[in-house]
1. Inspect the stretch 336-358 for any residue being within 14 Å of the ligand (Cβ to nearest atom) and small (Gly, Ala, Ser) and give the result as yes or no.
2. Output the number of the condition that Ser279 fails; it satisfies all remaining conditions of (1) open to solvent by 60 Å² or more (accessible area, probe 1.4 Å); (2) at pLDDT 95 or above; (3) within 16 Å of the ligand (Cβ to nearest atom).
3. Output the residues belonging to the stretch 113-123 that are assigned to a helix (DSSP H, G or I) and open to solvent by 60 Å² or more (accessible area, probe 1.4 Å).
4. Name the residues in the stretch 124-166 that are β-branched (Val, Ile, Thr), part of a helix (DSSP H, G or I) and either open to solvent by less than 30 Å² (accessible area, probe 1.4 Å) or touching a Phe, Trp or Tyr at 6+ places or on another chain (Cβ under 6 Å) (or both), would you?
5. Given the structure, is Glu7 surrounded by fewer than 24 Cβ atoms within 10 Å (Cβ to Cβ), farther than 27 Å from Leu347 by Cβ and at pLDDT below 95?
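The values are calculated or read from the model by the stated rules, or taken from the named source; none is laboratory data. These numbers come from a predicted model, not from an experiment. For neighbour counting, all protein chains shown are included, and Cβ atoms are generated from backbone atoms with ideal geometry for every residue, glycine included. The protein model used for the area step is the full one, side chains on, heavy atoms only, and it has no ligands, DNA or RNA in it. Shrake-Rupley method; radii C 1.70, N 1.55, O 1.52, S 1.80 Å.
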Amino acid sequence: MQTSEIESKADFEHIRYAQLWEDADVLTKGLGDCKGGTLVSICSAGDNALAMLTLDPAKVVVVDLSLAQIACLKLRIGAFTNLTHPEFLQLMGARPSDNRKALLSKALKGTDAETTAYWQGLADEVEQHGAGGAGKFERYFRIFRTRLLPFVHSRKTIDDTFVSRPKPERQKFLDTRFNTWRWRLLLNAFFSRFVMGRMGRDKAFFDHVEGSPAEHVARRIHHAAVECDPAENPYLHWILKGTHGDALPMTWREEHYETIKARLDRLDIRPGSLEAFVSTGEKADGFNLSDIFEYMSAEVFEQVYGSVLAASAPGARLVYWNMMVPRRVPPAFAQQVTTLTALEDTLKAQDKAFFYSDFVVEEVT
Ligand SMILES: C[S@@+](CC[C@H](N)C(=O)[O-])C[C@H]1O[C@@H](n2cnc3c(N)ncnc32)[C@H](O)[C@@H]1O
């Protein structure tokens, strides 16, 4: 089996992402018509692989280097199978609950012994924060929200952030109520490389990053708070309030629950690297590549990109994000893909997971 560059650098023992911080609404629109096709998805917390089932593919092959991340998907499979939609939202932490330990046991019915033991070991955390709050990344947001945010914004300001208002008023709210000097100070301190590396992301992931993460975050907050309506943003809601409001990520919305549940058997879970999948000789019609290219050096990116192309059926789309490192089709392969710029621009404007600086949709010609 091929190994991946990042595999030797980062520690994948714990859940890093207990929910998916990439917007499945734009992912699924980016992938286009995939009916009957084979799709490939990076697992992460599993939500986006599940969202891809709404495209009615024949199968979704799910890969991840981390068994803890695969366990997140397996828990969701159990939850979709055994829980009602309101119970699912409680277990995940989108809604308050005093019953999460019981819901966890119910969700794990029929799940393999290893995954069950893994999640039972996290039962206290699930009880407190929900299964979607049990990762390192979510813990990082929780520290931000509970220990630092109260010194910067009142409860009222946070609540007012989620009142729907027209765009000019959103700008005014950001300028006069939200973007205070205390807020700017907090951003600079909390999103320093040192703190992010220690608490949220592995330091190895910053090897290729240029510019300050805080500057980047300030730009993206403008997108989330002014360009888009915060009232419709589940990600911002979770970060500032620790749970979801009316707005939910695509996979967690009631309208998709039964469709996803009915298609769970189309998931083909393969713990391991994307590089291992592309070396099998199978062809796929669409790829959700998360933001994994950003974690690779330019040389490795080019090599992996080439092998993804070799594993692509004609017309396949490669959909991925960049947070801080620019990654798009390497010049050597530019003739083999078309960048769907108009679609990218439309979807970038709608992307509710606001941390990313770029969203890419490339179609194999
Ligand atoms: C790249 S991270 C980004 C997470 C993301 N931004 C989110 O919100 O969930 C997503 C997942 O990719 C996995 N991963 C990274 N490189 C990989 C590779 N080459 N093959 C398979 N999985 C990979 C990590 O283990 C992690 O679970």
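1. yes
2. Ser279 satisfies all of (1) open to solvent by 60 Å² or more (accessible area, probe 1.4 Å); (2) at pLDDT 95 or above; (3) within 16 Å of the ligand (Cβ to nearest atom) except (2).
3. Hits for the stretch 113-123 are Ala113, Glu114, Ala117, Tyr118, Gln120.
4. Val126, Thr157, Ile158, Thr161
5. Yes; evaluated as a whole, the condition is true for this residue.
Yes or no, residue by residue, for (1) modelled with pLDDT of 95 or more; (2) open to solvent by 10 Å² or more (accessible area, probe 1.4 Å):
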residue	(1), (2)
His222	no, yes
Arg263	yes, yes
Arg317	yes, yes
Tyr320	yes, no
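One line per residue, one yes/no per condition, for (1) at pLDDT 95 or above; (2) under 17 Å from Ala353 (Cβ atoms):
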residue	(1), (2)
Asp159	yes, no
Lys172	yes, no
Thr176	yes, no
Leu185	no, no
Asn188	no, no
Phe194	no, no
Ala218	no, yes
Val226	yes, yes
Pro234	yes, yes
